[in-house]
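First the structure, in the form of structure tokens, and then the observations on it.
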Amino acid sequence: MRYELILPNYVPVSLNRLTRGRFRARVKLAKADKQLVGVYFKQSGIPPATGQRRVSLVITVGPGERRTDPDAQWKGLLDSLVACGALKNDSAVWLSLGGVEWERAETAAGRRTVIVLEDLEDER
């Protein structure tokens, strides 16, 4: 199965922001991401993971916002998906990383992240 989890006005916290700066600020960023992703996941009706899933991203940034390196978004987002049950674990046994696509919105209101979850149980 293929599922899309849409998070309006959200771009995952980059790895640089999660590893630099004060400890309390980093913990607060990670916790906020986990709560936000968890709320949208629960409301989406997407079933919790029972096997391996591929995760892909489509990130839409607002005008004037910079795109980060493609690998910068994964750490915090994967931890958030594990915490809410969208992934069983973020190890290679349970996770296959898909691509990261970047789009640009015409207005700041168009910012969003689409997390595509695909069950891969049949492919193992």
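Structural remarks
- Electrostatic dipole magnitude of the range 2-123 [Cβ: Lys, Arg +1; Asp, Glu -1; Cα centre; debye, to 20]: 900 debye
- Note on Ile6, Ile59, Ile46, Ile115: ascending count of other Cβ atoms within 10 Å places them as Ile6, Ile46, Ile59, Ile115, the fewest first.
- D_trans [Stokes-Einstein, Kirkwood Rh over alpha-carbon pairs] for the range 2-123, 4 °C, 1.567 mPa s, µm² s⁻¹: 88 µm²/s
- DSSP assigns beta bridges within the chain; of those with both partners inside it, close to 65 percent run antiparallel.
- In sequence order, calculated HN-Hα J values of the range 65-77 (Karplus, 6.51, -1.76, 1.60; Hz; x Gly/Pro): 7, 8, 7, 9, 4, x, 7, 6, 8, 6, 3, x, 5
- Expected 222 nm ellipticity per residue - DSSP helices of 4 or more, -39500 (n - 2.57), all of the chain, to 500: -9500 deg cm²/dmol
- For Gly98, the residues 5 or more places off, or on other chains, whose built amide H falls under 5 Å of its own are Val55, Ser56.
- Crossing angle, helix 23-44 versus the chain [Cα axis fit, 0-90 degrees, rounded to tens]: 50 degrees
Values in this text are rule-based calculations from the coordinates and carry no lab data. Every value quoted in this text rests on a predicted model; they were computed, and no experiment measured them. Don't worry about glycine lacking a Cβ; one is built from the backbone with ideal geometry, like all the others, and counts go over all protein chains shown.
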